[in-house]
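Enquirer: Structure provided below as structure tokens; questions to follow.
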Amino acid sequence: QVQLVESGGGLVQAGGSLRLSCAASGLTYTMGWFRQAPGKEREFVAASSWTGSTYYADSVKDRFTISRDNAKNTVYLQMNSLKPEDTAVYYCTADQSRFYNRRSYYSPTEYDYWGQGTQVTVSS
């Protein structure tokens, strides 16, 4: 069983930046971030494989950057140029398997482990 602990959420004005961190208690091959706004389904944000391949939702491409430190079992999400529509609870997720199908990175059902979530609020 892998535990995920997130940190770094908060309140920021539109155009600002935040950095989320997620530390895993064990080795994971795939790590990523999803988010869920009130009344909406959980949606994919970004993911990274152990080897550094990265995947992004179109809505955050060129604004968000996912990175990971494998030695620390930690994944980061640098969020720049934040918009009010980025407001959501952000969830860290991980899986100990390698995803061979690119579409798997985008599906929440493919991941085995989830963090408790951290609130990100962007004011206009």
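The values are calculated or read from the model by the stated rules, or taken from the named source; none is laboratory data. Everything numeric here is computed off the predicted structure, so don't read it as measured data. FYI the Cβ positions are ideal-geometry reconstructions off the backbone, even for glycines, and counts take in every protein chain you see. Side chains are part of the model used for accessible areas, which takes the heavy atoms of the whole protein and leaves out ligands, DNA and RNA. Shrake-Rupley method; radii C 1.70, N 1.55, O 1.52, S 1.80 Å.
Enquirer: Please go through segment 1-15 and give me each residue that is under 28 Å from T30 (Cα atoms), in a loop (DSSP other than H, G, I, E, B) and open to solvent by less than 100 Å² (accessible area, probe 1.4 Å), ordered by number.
Expert: V2, G8, G9
Enquirer: Would you check which residues across segment 32-51 are open to solvent by less than 50 Å² (accessible area, probe 1.4 Å), within 26 Å of Y100 (Cβ to Cβ) and at pLDDT 95 or above and list them? Reasoning before the result, please.
Expert: Step one: list which residues in segment 32-51 are open to solvent by less than 50 Å² (accessible area, probe 1.4 Å), which gives 32-35, 37, 44-49.
Add one more test, that the residue is within 26 Å of Y100 (Cβ to Cβ), and what stays is 32-35, 44-49.
Within segment 32-51, G32, W33, F34, R35, F44, V45, A46, A47, S48 meet the criteria.
Enquirer: Need pairs with beta-carbon distance below 8 Å; first residue among the acidic types (D, E) and within segment 73-94, second in a strand (DSSP E or B) and buried (at least 17 other Cβ atoms within 10 Å of the Cβ); sequence gap 6+ or separate chains.
Expert: Taking only residues 6 or more apart or on different chains, the pairs are E85/V122; D86/R35; D86/M79; D86/V120; D86/V122.
Enquirer: Given the conditions (1) β-branched (V, I, T); (2) over 23 Å from V120 (Cα atoms); (3) surrounded by fewer than 21 Cβ atoms within 10 Å (Cβ to Cβ), and given that T28 satisfies all but one, which numbered condition is not satisfied?
Expert: Of (1) β-branched (V, I, T); (2) over 23 Å from V120 (Cα atoms); (3) surrounded by fewer than 21 Cβ atoms within 10 Å (Cβ to Cβ), only one is false for T28: (3).
Enquirer: Which condition from (1) over 18 Å from L4 (Cα atoms); (2) buried (at least 16 other Cβ atoms within 10 Å of the Cβ); (3) touching a helix residue (DSSP H, G or I) at 6+ places or on another chain (Cβ under 6 Å) is the one that E110 breaks?
Expert: Going through the list (1) over 18 Å from L4 (Cα atoms); (2) buried (at least 16 other Cβ atoms within 10 Å of the Cβ); (3) touching a helix residue (DSSP H, G or I) at 6+ places or on another chain (Cβ under 6 Å), E110 breaks only (1).
Enquirer: If we keep just the residues of segment 93-116 that are in a loop (DSSP other than H, G, I, E, B) and charged (D, E, K, R), which is nearest to the chain's Cα centre (by Cα)?
Expert: Keep residues of segment 93-116 that are in a loop (DSSP other than H, G, I, E, B), which gives 96-101, 107, 111-112, 115-116.
Now restrict to residues that are charged (D, E, K, R): 98, 112.
Values: R98: 17, D112: 14 Å.
Per the stated criteria, the residue is D112.
Enquirer: Can you list the strands (runs of 3 or more DSSP E) found entirely within segment 52-92 that contain at least 1 residues being closer than 22 Å to A23 by Cβ and open to solvent by less than 20 Å² (accessible area, probe 1.4 Å)?
Expert: Details: elements: 54-56, 64-69, 74-79.
Because the criterion is at least 1 residues that are closer than 22 Å to A23 by Cβ and open to solvent by less than 20 Å² (accessible area, probe 1.4 Å), the strands (runs of 3 or more DSSP E) in segment 52-92 that meet it are 64-69, 74-79.
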